[in-house]
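Data first, discussion second: the structure below is written as structure tokens.
What follows draws every value from the coordinates through simple rules; no lab data is involved. In this text the structure is predicted, and so the values were computed from the model without any measurement. No Cβ is skipped: glycine too gets one built from the backbone with ideal geometry, and neighbour counts run over all protein chains shown.
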Amino acid sequence: MKTTEYTPAQASAVANLPLPAVHKLMERSLIRPRRLRHGRSIQRMLSRAQVLYLRLEAEGVRLLPIAARRAIAKKIESTPEIDAVFLAEGSALIVQVKAVRLELEQDLKKLERAVDMIVSDPEIMRGTPVYRGTRIPVELIADMLSQGANPKEILEGYPTLDRDKVELAPFYVQAFRRRGRPASRPWAKRKANSWTLH
């Protein structure tokens, strides 16, 4: 998958910025996502340049005055390949963009890998996202990691997975938050040390 637009949740995951902060930046019009209509709902989609700006927010741009942040966001959207932003003529304050862009590209590749390894099919576990070719829910693996299980233990119980798939689980869950009522997750009530891996 080679994506050029991202949902707020995907942008949050790759920009290392909490989702509420992403929504706040959209509300303040620092970034203006494209709106896509899906039936009765509207999905906001962010460009790569907007996600780059979000990554800069996470890296510290959020500490600058709002006018300066707007100027940076505008400059990055108008010139996505820019290496640095000078805040004013002769200003000592320069926002380095190139290094942040390279880091972001790595996380965007990570997002592509996560998307390629997961499938959601109504015929398989009622559409619960599972690892391709298995019936193992990605949320199960993310929950196990959050409760203290380590990748080695998980791989002993699920040998069809590999370390990369296990480590990408929390990233996928963050980037693809499920809407509506939380699904029933019977495994979530157990403690990490009580896992019985089959």
Note the angle between two axes, namely the Cα long axis of helix 66-78 and the longest principal axis of the Cα atoms of the chain, as a number of degrees from 0 to 90, rounded to the nearest 10.
80
Applying the Karplus parametrisation 6.51 cos²θ - 1.76 cosθ + 1.60 with θ = phi - 60° to the phi angles of the stretch 147-157, what ³J(HN,Hα) value in whole Hz is obtained for each residue in order, glycine and proline being reported as x?
8, x, 5, 9, x, 4, 4, 5, 5, 5, x
What percent does the relative contact order of the stretch 5-112 come to when contacts are Cα pairs within less than 8 Å and at least six residues apart?
25
With the charge dipole of the chain built from beta-carbon charges (+1 for Lys and Arg, -1 for Asp and Glu) about the Cα centre, the Cα from I136, L36, I124 projecting farthest to the positive end belongs to L36
Could you give the longest part of the chain that holds none of the GluC sites (Glu not before Pro) found in DSSP loops with at most 15 neighbouring Cβ atoms within 10 Å?
1-80
Could you put R69, R126 in order, starting from the residue whose Cβ has the fewest other Cβ atoms within 10 Å?
R126, R69
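Could you compute the FRET efficiency for F86 and E27, with r as their C-beta to C-beta distance and R0 at 22 Å, rounded to 0.05?
Numbers: r = 28 Å, r/R0 = 1.26.
Here the calculated transfer efficiency is 0.20.
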What residues qualify as long-range amide H neighbours of E5, i.e. H under 5 Å apart, gap of 5 or more or another chain, H built at 1.01 Å from N?
none
Quick one: give the max-minus-min coordinate of the C-alpha atoms of the stretch 2-124 along each principal axis, largest first, in Å.
61, 31, 22
Treat the count of other C-beta atoms within 10 Å as a stand-in for reagent exposure and order F171, F86 from fewest to most.
F86, F171
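Just how large is the dipole of the stretch 5-112 about the Cα centre, in debye to the nearest 20, putting +1 at every Lys and Arg Cβ and -1 at every Asp and Glu Cβ?
With only Lys, Arg, Asp and Glu charged at Cβ, the dipole is about 580 debye.
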